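Structure first, then comments.
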Amino acid sequence: MEPWQQRRGPHALAQVLRLRWEALQHRFDFGRTLLLRRAVAAVLVVVAAVLALMPGPASSADDAVLVAARDLAAGTVLGASQVTLRGLPEQVVPDGAVRVPAAVLGRTLAAPVRRGEPLTDVRLTGPDLTRAISTKQDTVSVPLRLADPGVAALLRPGATVDVVTVGERQDEPVVLARAARVLAVLEAGARGGEHDGHLVLVALDHVAATRVAAASISQTLTVTVY
């Protein structure tokens, strides 16, 4: 007989068994809790990965702006099928972005745009573009059809040119306007089956603009580039 049996008998045996049971129960509960925690952590990792891969809903802070529905060339007269509204985060919307389709319908693109590119005021021919490029306050835009289409192909928006025509004598050219700023170089069009060449839009003061516009009716024009 063991010593604890000699000293305490059945009461001592019950106490020892109870202590062992509590120890086993504690060990089992700890292991079950650890297993549960690991399982929950694994589930959370999977959920986080799935949420990261899923496209989130459009933010309520998105701005609806007008973008090109497809690639468009400079000189394109915009129609309803060429533009679409798209929600963009406020922080990436450019200044001057157009938000109303009616504001661009029938307007001419001053530069090419890519599909999905937001349309802004300086992408369209008009006074906003003139003010953005020219530093003078009294400037207006004047279209020029140059005698040599190859010259127009060399020009870029922002370039400075002199507008020149022939004088009464071939060796006496006349400078109609100096330091004109190029606003846009539009794509070649067609009229009567013959290509007219690039149309160049320049910014001039009112006096020079009137002189150049009148000369373009009956005289050939070209430009010299600074």
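Read-outs throughout are calculated quantities, based only on the coordinates presented, and are distinct from any laboratory measurement. Values in this document were obtained by computation on a predicted structure and should not be read as measured data. Cβ coordinates were reconstructed from backbone atoms using ideal geometry, including for glycine residues, and neighbour counts include every protein chain displayed.
Order by neighbour count: V47, V223, V142, fewest other Cβ atoms within 10 Å first, most last.
Details: V47 10, V223 25, V142 21.
Going from least to most buried by this count: V47, V142, V223.
Taking amide hydrogens as placed 1.01 Å from N in the peptide plane, the amide H of A159 sits under 5 Å from those of V182, each at least 5 positions away in sequence or on another chain.
For R107, the residues whose amide H sits under 5 Å from its own are L78, ignoring neighbours fewer than 5 places away on the same chain, with H placed 1.01 Å from N. Once you reduce region 139-159 and region 64-91 to the center of their Cα atoms, the two points are 25 Å from each other.
Taking every eigenvalue of the Cα gyration tensor of region 63-123, multiplying by 5 and rooting it, what semi-axes result, largest first, whole Å? Present the calculation step by step, with values, prior to reporting the outcome.
Working: eigenvalues 60, 25, 22 Å².
The equivalent ellipsoid of region 63-123 has semi-axes of 17, 11, 11 Å.
Find out how many positive minus negative residues lie around A180, taking Lys and Arg as positive, Asp and Glu as negative, among other residues whose Cβ is under 13 Å from that of A180. If you can, show how the numbers build up before the last one.
Working: positive: K136, R178, R181, R211; negative: D162, D205.
That works out to +2.
Taking Lys and Arg as +1 and Asp and Glu as -1, the other residues whose beta-carbon sits under 10 Å from that of V113 total +2. Between L119 and L66, V67, A68, V98, the built amide H atoms are under 5 Å apart, and every one of these is 5 or more places off in sequence or on another chain.
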